[in-house]
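Take a look at the structure below.
The values are calculated or read from the model by the stated rules, or taken from the named source; none is laboratory data. Since the structure is predicted, the reported quantities are computational estimates derived from the model, not experimental observations. Surface areas here come from the heavy atoms of the whole protein model, side chains and all, with no ligands, DNA or RNA. Shrake-Rupley method; radii C 1.70, N 1.55, O 1.52, S 1.80 Å.
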Amino acid sequence: MLNSKIIKALRPKERRYQVTDSDGLALRIQTSGVKSWVLRVFQNGRIVDITLGHWPELSLMQARATARRKKKELELEPSGSYMVRDAFKFWCSKKKGRIISYRDEKLRLEKYVISKIGSRQLDTITPPILIKLMEPIEQAGKQSTVKRLLMRTREIFDMAVNAGYLPSNPLAKITKVFAVPTVKHMASVDWKELPIVVSQIESLAPPKYKNLFYFSLATLLRPGEVVSIRLDWINEEAITIPAEFMKMKRVHRIPLTPYLIALIQEAKTIRKNKRSPYLFPGTRPNKHISGQALAKWLHSQTEFKNRLVAHGLRSIGRTWFADNDVPLEVAEACLAHVTGSQVVRAYQRGDYFASRSKILLGWHAYIQTCARCAQVLSQNPDKSEVSA
């Protein structure tokens, strides 16, 4: 198929020639350099070439639209033809601001689907076309990507039906073609192994990553939320993170404990850019460090590779809550999750701040106990002498 770059690069030759686009549309290049749009159709038992206009007066998109209208006039194409891109734009207009993963979903669809078949008419898309698009992605081991692409593409076609673009959805059962991806949980360890993990952190991590590790473990925030912390979000009672910086788009308050206050003071001491508004500033002005900073450091250490990731720290805290009889609602609130049905949440609008304050005191005391054990072990490497 043609695009603007290809069209501009076409040069005249000794004889007239033409380059096809799709569905009978072609660009004819005269020896003089004039470029004309031509639609080839089968009419009255013979092939007919219909000149639609000249490029660049008639752009590629205009030529395609003109070709579709001409086919409809000649009753060679069913009326109501829409392109896949039209349905995608309709989906975007309805989903933007309504789904948390909108930006990622949109970029993924544009990369793998719209860039390939966006200019094709909706009623020409069949399951084999989409299957052929998905097979290389599946072969690359990206089963989860295939799953999400199929789900969203099917959703786009469902919405196209509701909008009157299509009479029915040809991709209604497309998800049954590919195997369901195996769910793989984030690498983590049991909370009882935390003393070992902490001892390794104490011996391996530079001050910057050590503080980032303990802060992530103490707050149980997601990695991207941790690095977004601004100094002006911290007051005497809590760290208050605005809704737009949280995954679930709800304001989240983290009760301050003496341990968390000490970590914040240490972070302020360690950071090189003292003028940055962020607790964990990056090298660039007014930017925080990457949300993947701790994850990359953990992955680079043999002791943690495939054993523990930054997001897995949340799992350590959550299992500690469960084994220490923390109520479900309070434990989930510590991780910025919600529980209960929509009706329950309509009435229960609190964030269990007082209860979480008490729970975090116990959780932070456990982290400190692990750290003290690690420091004792580092000072007494010979275990036989300690036991004696």
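What the table shows:
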{"item": "P(r) histogram, all alpha-carbon pairs of region 122-276 included - 5 Å bins from 0, percent", "result": "1, 7, 12, 12, 10, 9, 9, 9, 9, 8, 7, 4, 1"}
{"item": "Which listed pairs, of 132/305; 132/173; 111/132; 116/147; 184/358; 89/132, have C-alpha distances above 25 Å, in listed order", "result": "132/305; 184/358"}
{"item": "Protein accessible area in the chain, 1.4 Å probe - carbon and sulfur %", "result": "52 percent"}
{"item": "Accessible area per residue in Å² at 1.4 Å probe, computed on the chain", "result": "57 Å²"}
{"item": "Space enclosed by the convex hull of the alpha-carbon atoms of the chain, per residue, Å³", "result": "228 Å³"}
{"item": "HN-Hα J in Hz across region 200-208 - Karplus 6.51, -1.76, 1.60, θ = phi - 60°, x for Gly and Pro", "result": "6, 4, 4, 8, 10, 7, x, x, 4"}
{"item": "Dimensions (Å) - region 17-152, Cα atoms, principal axes, largest first", "result": "51, 32, 31"}
{"item": "In Å, descending, principal axis extents of the Cα set of region 226-267", "result": "28, 18, 15"}
{"item": "Highest-MSF residue in the chain out of 32, 199, 144 [GNM, Cα springs under 10 Å]", "result": "32"}
{"item": "Length-normalised contact order of region 246-369 in % [C-alpha pairs under 8 Å, at least 6 apart]", "result": "24 percent"}
{"item": "Sequence-separation-based contact order of the chain, relative, with Cα cut under 8 Å and 6+ spacing, percent", "result": "12 percent"}
{"item": "Three-way shape call for region 1-69 based on the alpha-carbon gyration tensor, with the a/c threshold at 1.5", "result": "oblate"}
{"item": "Ratio Rg/Rh, restricted to region 174-246 and using Cα atoms, in which Rh is the Kirkwood radius", "result": "1.14"}
{"item": "Theoretical ellipticity at 222 nm over the chain - DSSP helices of four or more residues, -39500 (n - 2.57) apiece, nearest 500", "result": "-14000 deg cm²/dmol"}
{"item": "Partner aspartates and glutamates for residue 192 [C-alpha distance under 19 Å; skip if fewer than 8 residues away on the same chain]", "result": "202, 303, 323, 325"}
{"item": "For residue 18, residues with placed amide H under 5 Å, excluding near neighbours", "result": "29"}
{"item": "Relative contact order computed over region 100-253 (Cα-Cα under 8 Å; 6+ residues apart), in percent", "result": "16 percent"}
{"item": "Nearest-10 value in Å² for the accessible area of residue 58, using the 1.4 Å probe", "result": "30 Å²"}
{"item": "Column: log10 I(q)/I(0), Debye, Cα scatterers of region 107-167, q = 0.15, 0.17, 0.23, 0.25 Å⁻¹", "result": "-0.44, -0.57, -1.00, -1.16"}
{"item": "Rounded, prolate or oblate (a/c below 1.5 giving rounded, otherwise prolate when a/b exceeds b/c) for region 26-65 by Cα gyration tensor", "result": "oblate"}
{"item": "Region 274-355: mean projected area of Cα convex hull, nm²", "result": "8.7 nm²"}
